[in-house]
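The values are calculated or read from the model by the stated rules, or taken from the named source; none is laboratory data. Predicted, not measured: the structure shown is a model, and the values here were computed from it. Because the Cβ atoms are built from the backbone with ideal geometry, glycine has one as well, and the counts that use them run over all protein chains shown.
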Amino acid sequence: MSSSIDGANSAPVERADRKVREGLVVSDKMEKTIVVEVEDRVKHALYGKVLRRTSKLKAHDEQNTAGIGDRVLIMETRPTSATKRWRLVSVVEKAK
């Protein structure tokens with residue numbers, strides 16, 4: 001029997017693109033965690049009116065760089081805790 005491994009010569013598996021969202025920081029009171037409010041615009045199925053839907057996502061902020069009111073870019077990642085599935089990519093605009 002030959003002792004070859006199947007995965008040794010194959011190309012690495014391509015990872016799918018991760019979701020990226022832009023939102024506003026509404027809380028930075030937790031250690032290394034920010035709460036980002038993300039706005040989504042959806043069209044009503046029957047009436048056609050465009051509605052604003054918001055959701056709050058907890059994101060990991062390793063250096064505690066983001067503050068309340070900052071516009072930030074967050075990226076989906078593996079679960080960091082029970083409620084965190086996002087991480088801070090960059091601060092787009094600082095609060096005034």
Taking the residues in segment 44-96 that are exposed (fewer than 11 other Cβ atoms within 10 Å of the Cβ) and of a type in the set (Lys, Arg) as candidates, determine which candidate is nearest to Met30 (Cα to Cα). Arg78
Among the candidates Glu31, Glu22, Glu39, residue that is touching a Ser or Thr at 6+ places or on another chain (Cβ under 7 Å) and not β-branched (Val, Ile, Thr): Glu39
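For Val26, state whether it is under 24 Å from the mean Cα position of the chain (by Cα), among the β-branched types (Val, Ile, Thr) and at pLDDT below 95.
no
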Do we have Val36 as among the aliphatic types (A, V, I, L, M), at pLDDT 95 or above and surrounded by fewer than 11 Cβ atoms within 10 Å (Cβ to Cβ) here? no
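Residue-by-condition table, conditions (1) among the basic types (Lys, Arg); (2) within 15 Å of Val92 (Cα to Cα); (3) touching a residue at least 60 places away in the same chain (Cβ under 8 Å):
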residue: Glu22; (1), (2), (3): no, yes, yes
residue: Met30; (1), (2), (3): no, no, no
residue: Thr33; (1), (2), (3): no, no, no
residue: Glu39; (1), (2), (3): no, no, no
residue: Ala45; (1), (2), (3): no, no, no
residue: Gly48; (1), (2), (3): no, no, no
residue: Ser55; (1), (2), (3): no, no, no
residue: Asp61; (1), (2), (3): no, yes, no
residue: Gly69; (1), (2), (3): no, yes, no
